[in-house]
Amino acid sequence: MTEAYVTLKSVTTGYGRDNIIHRDMDLNVAKGEILCLIGPNGAGKSTLLKTIAGVLPLISGHIYIDGKEVPAGGRERARLIASVLTTPPITEYMSVYDVVAGGRYAHTGSFDIQGKRDRDIVSKALSDTETWDIRDRDFTRLSDGQRQRVMIARALAMEPKLMILDEPVSHLDIYYKQQVFDILKRLKQTCDITVIMSLHELTDVAGIADRVAALGASGIALMGKPDEVITDENIHRLFWRQDKI
């Protein structure tokens, strides 16, 4: 594996110190890598992603990107990490363009005044996610697959170093699911963006992940390439014998 670009060191996640999910978790992700989290319901995949994204506070430990510790919150953190979580922002009466342009908030200051560079970045994000043609449409009237592509475009407009996605293809049919995966693969190649994401369907993981981290009761139970982690024995241990892993 190449040198770590995103590093979690002794990270403890949870919902306050009285409700710890995982303690002292370590994780290294290479630049431009797509890392998929798998595991049974309740294993803490979403909790870990929300903690990295800053939605949940880091109980203890450290998160580094390119050797520098990530700030606790605010615009500086938003310039480093963009997230596409299961709960989208409130976007009533907003066009697709406006939703994506909202991703520039970390760069435009308190008055959200966008210059030519901001508009160029938004346009590129729309183009990269194949949503330029629907930029004037009402976001709330889009299909699930279109909405997911728009949310990825919004995340791209933030110019992040790291993108966090929680179950990005849940409830999508195979056509829209493949569109999302194609976009992520293209972004990896052209933008060198590092991705940490959770997926439910193991067949999807093999087609998109560079590496897989399987979460169990004790934290990261298995780590490796998809064909190393997703074996009959490992899946049986992870999903049916959770007390053994």
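Computed from the coordinates by the stated procedures, all read-outs in this text should not be read as laboratory data. Everything numeric in this text was worked out from a predicted model, so none of it was measured. Cβ coordinates were reconstructed from backbone atoms using ideal geometry, including for glycine residues, and neighbour counts include every protein chain displayed.
3J(HN,Hα) couplings calculated from phi for segment 162-167 with the Karplus curve 6.51 cos²θ - 1.76 cosθ + 1.60 (θ = phi - 60°) are, in sequence order, 9, 10, 10, 10, 10, 6 Hz; Gly and Pro show x. For segment 25-32, putting each phi into the Karplus relation 6.51 cos²θ - 1.76 cosθ + 1.60 with θ = phi - 60° gives couplings of 8, 10, 7, 10, 10, 7, 5, x Hz, in residue order, rounded to whole numbers and with x for Gly and Pro. Straight Cα distances below 16 angstrom link Lys116 to the lysines Lys124, with same-chain residues fewer than 8 positions distant left out. Would you mind checking segment 129-147 for residues with the amide N under 18 Å from a putative spin-label position 7 Å along Cα→C-beta of Asp173? Under cut-off, by backbone N: 141-147. Compute the helix-to-body angle for 116-128: its Cα long axis versus the longest principal axis of the chain, expressed 0 to 90° and rounded to tens. With rounding to tens, the tilt is 60 degrees. Once volume of the Cα convex hull per residue in Å³ is calculated for the structure shown, the corresponding label among [x] 166; [y] 129; [z] 138 turns out to be [y]. Principal-axis analysis of the Cα atoms of the chain puts helix 174-191 at an angle of about 80° to the longest axis. Relative to the longest principal axis of the chain, what angle (0 to 90°, nearest 10) does the C-alpha long axis of helix 144-157 take? Its long axis makes an angle of about 80 degrees. GNM remark for the chain: springs join alpha carbons under 10 Å apart, and the peak mean-square fluctuation among Thr129, Thr108, Thr47 falls on Thr108.
In percent, rounded to a whole number, the relative contact order of the chain is 25, using alpha-carbon pairs under 8 Å and six or more apart.
State the antiparallel share, in %, of DSSP beta bridges confined to the chain, rounding to the nearest 5.
Working: 20 of 37 bridges.
The antiparallel proportion sits near 55 percent.
Helical content of the chain, expressed as a calculated mean residue ellipticity at 222 nm, amounts to -9500 deg cm²/dmol (DSSP H runs of 4 or more residues, -39,500 (n - 2.57) each, divided by residue number, nearest 500).
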